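Single-structure report; data block below.
Please treat every number below as a calculation from the coordinates, not as lab data. Model, not experiment: these values are computed from the prediction. For neighbour counting, all protein chains shown are included, and Cβ atoms are generated from backbone atoms with ideal geometry for every residue, glycine included.
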2 protein chains.
Amino acid sequence: MRIVRTVAELRDALRRARAGTIGFVPTMGALHEGHLSLVRAARAEHDIVVLSIFVNPTQFGEAADLAAYPRTEERDLELAATAGVDIVFAPDAAEMYPAGFATTVSIAGPIAHTLEGAERGRAHFDGVATVVTKLLLAAMPDTAYFGAKDAQQVVVVRRLVADLNVPVRIAVVETARDEDGLALSSRNARLSADDRRRALALSRALREMTDAAADGASDSAALRTLGLGVLAEAGVTPEYLEIVDPGTLAAVASLDGPALVVIAARVGETRLIDNTLITPGGSR
Amino acid sequence: MRIVRTVAELRDALRRARAGTIGFVPTMGALHEGHLSLVRAARAEHDIVVLSIFVNPTQFGEAADLAAYPRTEERDLELAATAGVDIVFAPDAAEMYPAGFATTVSIAGPIAHTLEGAERGRAHFDGVATVVTKLLLAAMPDTAYFGAKDAQQVVVVRRLVADLNVPVRIAVVETARDEDGLALSSRNARLSADDRRRALALSRALREMTDAAADGASDSAALRTLGLGVLAEAGVTPEYLEIVDPGTLAAVASLDGPALVVIAARVGETRLIDNTLITPGGSR
């Protein structure tokens, strides 16, 4: 496995390997089983697997959140090597945003301004869209892999890739979970044992809403009440719990097809998100 | 010469030709000798020459200016074929901005917000940056050719290409001029005979400033006064006449190296721009 720190080194490494197809997994490091499932998907489909590690400062609204974001590069490199990554691209902020940097990729409308965009500030998805564009154009992969856990990020990335004609296929890999249902996240490391138990309310709420929808419940308000009840029982107040269209993220009043349930909540000091696709029973 | 109307057709045509290198000339049509000099530069350096024709609505501040922009596709295609273009990409607005389109590439700071950005509105260079990104990523050329006449556009394009890691070389071709000095522009077709004579004041002002600088004048205020005098003599009031740094477009108080003189003026109903690099005599 080769480790490169600059776009020029990355391109040089890829040029040598250009005979094959490239699968790319962009990450912010602190790798866990969720990231490794993306690597495995890339490994199964491509000759060369590139993984990037970059904690992108421009997508963090709060300096404290950026400072607290876990950084475990040595361990990340071991995990990446074991999982079969060929090239790790781990630039520093000066490589990604040198003096004079002035360009922003932004997405207008509800796709970027609701939910995470509303909670984390409008600059959040500008930061995501810009860094993802830069990473995709640096690596020029055939396929880039994203986790379903960051549902809104997936919609934003699909949008910018289509709108800017970025020549890449976007693949989405389902959320990896611990046995008890907690969605894997680099932030989970910051949960106390007690908070971790309370955090299970997120996936439990999603499961109960999934089951209720399958049993025929189709009214969004009723489904939301059910989910909010599960969170309240665990003492978790969500930043949002919404049922939205998977493509546009517009709120859905009544299920007449698959819809996305998205939840964000602060548990203790740690902000967690989770989501699932629910399908009305009548449509099966 | 092949004519394609969609990104998918363009990529298909290029895939068939992928053995060679690609030179790309983005235009808004109404081709003149200036565009053809870009085509010749691309032809000399690459196996495949792609020319795009797209009058980009998002970079026009005024609907009337967009409506009046000359459209001469049949003639353009003849000129392109004669000049040795292999593929013309001529999409319509619905192909470039389909329903749901939501992404903007924007450049912060003076590079995009002074001069043309100030006169034509901040959205102008957002429109330019977004469409150029789309066109570059659709064609994925080895080199893209731009005219020096659109000096600020060149700075904006270089900026976004560097910032977003767009894998392309930007080549700049010097401004083509009529024998009397008028910089070639698609807009020149809209000048009356009388306006055309007055329009010569732009290139004359640039020439006199170039000569004065070569003779030792280095004070920007004095050089500006000279240029403004030439324009005033012809009854032309500029929107701006500035002496700026070629890389940052920041105003230059005194010449201690090459500087860019940029002029914009409305002559009759037609908005014209021109520029030249001036070099202080002492530095030769």
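Details
- Charge dipole of chain A about the Cα centre (unit charges at C-beta), most positive-ward option of A:7, A:112, A:102: A:7
- Note, ³J(HN,Hα) from phi for the range B:107-117, Karplus 6.51, -1.76, 1.60, rounded to Hz, x at Gly and Pro: 10, 7, x, x, 3, 9, 9, 8, 6, 4, x
- Prolate/oblate/rounded call for the range A:161-284, Cα gyration tensor, a/c under 1.5 rounded: oblate
- Placing unit charges on the Cβ atoms of the charged side chains and taking the dipole of chain B about its Cα centre, the candidate lying farthest along the positive direction among B:151, B:230, B:48 is B:48.
- Here the dipole of the protein assembly as shown is about 680 debye; that uses its Cα centre as origin and unit charges on the Cβ of Lys and Arg (positive) and Asp and Glu (negative).
- For the range A:43-117, the alpha-carbon coordinates run over 39, 28, 28 Å along the three principal axes, in decreasing order.
- Taking chain B as a Gaussian network of alpha-carbon nodes connected by springs under 10 Å, the highest mean-square fluctuation of the residues B:143, B:21, B:210 belongs to B:21.
- In the frame of its principal axes, chain B has Cα extents of 56, 39, 38 Å, reported largest first.
- Label-point spacing at residue A:19 relative to the other copies reads 2.1 nm, in ascending order, each point sitting 7 Å out from Cα along Cα→Cβ.
- Distances, shortest first, from the label point of residue B:162 to those at the same position in the other copies read 3.4 nm; the point lies 7 Å along Cα to C-beta.
- Chain B holds its axis-closest Cβ, relative to the rotation onto A, at the residue and whole-Å distance B:105, 3.
- In degrees, nearest ten, helix A:73-83 long axis to first principal axis of chain A (Cα): 90 degrees
- Gyration tensor over alpha-carbon atoms, the protein assembly as shown, equivalent ellipsoid semi-axes in Å: 51, 25, 24
- Using alpha-carbon coordinates, inclination of helix A:123-139 to the longest axis of chain A, degrees: 40 degrees
- Taking Cβ atoms as reference points and 13 Å as the exclusive limit, the residues near residue A:166 contribute a net charge of +4, counting Lys and Arg as +1 and Asp and Glu as -1.
- Cα centroid separation, the range A:114-151 to the range B:154-224 (Å): 39 Å
- Inter-copy separations for residue B:2, label at 7 Å along Cα-Cβ, nm, ascending: 3.3
- Net charge, residue B:234 excluded, C-beta distance under 9 Å - Lys, Arg +1, Asp, Glu -1: +2
- With a simple spin-label model that places each label point 7 Å from the Cα along the Cα-to-Cβ direction, the separation between residue B:16 and residue A:279 comes to 4.1 nm.
- Net charge dipole size for the range A:2-173 [Lys, Arg +1 and Asp, Glu -1 on Cβ; Debye, nearest 20]: 440 debye
- With a 10 Å cut-off around each Cβ of B:121-131, the average count of Cβ atoms from other chains is 1.
- Global form of the range B:1-68, assessed from the alpha-carbon gyration tensor, a/c cut-off 1.5: oblate
- Under 5 Å between amide hydrogens, built in the peptide plane, is the criterion, and for residue A:254 it picks out A:220 among residues at least 5 positions away or on other chains.
- Rounded to the nearest 20 debye, the dipole size of the range A:186-275 about its Cα centre is 480 debye, using +1 on the Cβ of Lys and Arg and -1 on the Cβ of Asp and Glu.
- Residue B:175 long-range amide H proximity, modeled H, under 5 Å: B:148, B:149
- Backbone phi angles across the range B:58-64, fed through the Karplus curve with coefficients 6.51, -1.76 and 1.60 (θ = phi - 60°), yield HN-Hα couplings of 6, 9, 9, x, 9, 4, 5 Hz in residue order; Gly and Pro are listed as x.
- The protein assembly as shown: calculated mean residue ellipticity at 222 nm from DSSP helix runs of at least 4, using -39500 (n - 2.57): -12500 deg cm²/dmol
- Neighbourhood net charge (14 Å Cβ-Cβ; Lys/Arg +1, Asp/Glu -1) for residue B:177: -2
- To the nearest ten degrees, helix B:193-214 and the longest principal axis of the Cα atoms of chain B are 70 degrees apart.
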